[in-house]
Amino acid sequence: MATEGDPLNLVKVLHLLVLSFTWGMQVWVSFIAGFALVMQVTRHTFGLVQSKLFPVYFYCLLGSHFISLAIYAVYHPRELLDTHETVQMALYFVALMMAGLNAQWFGPTATEIMFLMREVEKEHGLGNQIGLGAEKEGFAKLKEQDPKYKAYKRKFGCYHGLSNLCNLIGVICTATNLTYAALNLSTI
């Protein structure tokens, strides 16, 4: 356990607040808000909301993970880390990288492709029904008939899947770090 320079109580509280803010935001955006919204608005409105929400979400995550990593690194010098602290430091870093990938690459690319798909869907009168399962046959037919739409759909699926994977890895890293923090409150 690192002991070089004990953090002030204010720093400990800041660290826990940032970590819990991050966890709460990740759980809400990843598992609750989207499911609640998708049943209330049209597919295109849902995409528009996500295109505005996700950049803010990803940059908030990026900032939160950076603050958490910085605080942890300052009070846990590399030379004094035990195995658990090394794992925790690595998890902070991985979470930061995943948020960075989403903020800079996967999120914007998926949004850009989503807007291209949306234009093709509008041309065919699709996307104005509430719920993602609505008009399923119409979307399947469009995918079969329009090679451009099929390519957009495949590319969107790839970037959206990578974005979801990065987000899930970030959620797991945050949950693990929150668990480590809870089990070692005296050494934050």
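Here are a few things to note about the model shown:
- Placing R0 at 41 angstrom, the Cβ-Cβ distance between Lys136 and Leu17 gives a FRET efficiency of 0.40 after rounding to 0.05.
- Cα-based helix-to-principal-axis angle, 9-27 vs the chain, degrees rounded to 10: 20 degrees
- Residue exposure sequence - Val87, Val56 - by fewest surrounding Cβ within 10 Å: Val56, Val87
- On the basis of the beta-carbon distance and an R0 of 45 Å, Phe93 and Met39 show a calculated FRET efficiency of 0.75.
- Legend: ranking of residues Thr176, Thr22 from fewest to most surrounding C-beta atoms inside 10 Å; resulting order Thr176, Thr22.
- Cross-link reach list, lysines versus Lys155, counting only Cα pairs under 22 Å and skipping chain neighbours closer than eight places: Lys52, Lys122, Lys136, Lys141, Lys143
- Going from the fewest other Cβ atoms within 10 Å to the most, the residues Thr111, Thr42 appear in the order Thr42, Thr111.
- Bridging of Lys150 to aspartates and glutamates at a Cα separation below 13 Å is possible for Glu121, once same-chain residues fewer than 8 apart are set aside.
- Here the extension length gained between Leu81 and Ser30 equals 15.2 nm, from 0.36 nm per residue of separation less the Cα-Cα distance.
- Answer label, with Rg and Dmax of the Cα atoms in Å calculated from the coordinates and candidates (i) 30.1, 96; (ii) 20.4, 65; (iii) 20.6, 70: (ii)
- Helix-only mean residue ellipticity at 222 nm for the chain, each DSSP H run of n ≥ 4 adding -39500 (n - 2.57), per residue, nearest 500: -25500 deg cm²/dmol
- Relative packing of peptides 101-107, 163-169 - highest average C-beta neighbours within 10 Å first: 101-107, 163-169
No value in this document is a laboratory result; all are computed from the given coordinates. Owing to the predicted nature of the structure, the values given are computational and were not obtained by experimental measurement. We place every Cβ from the backbone using ideal geometry, glycine too, and count neighbours over all the protein chains shown.
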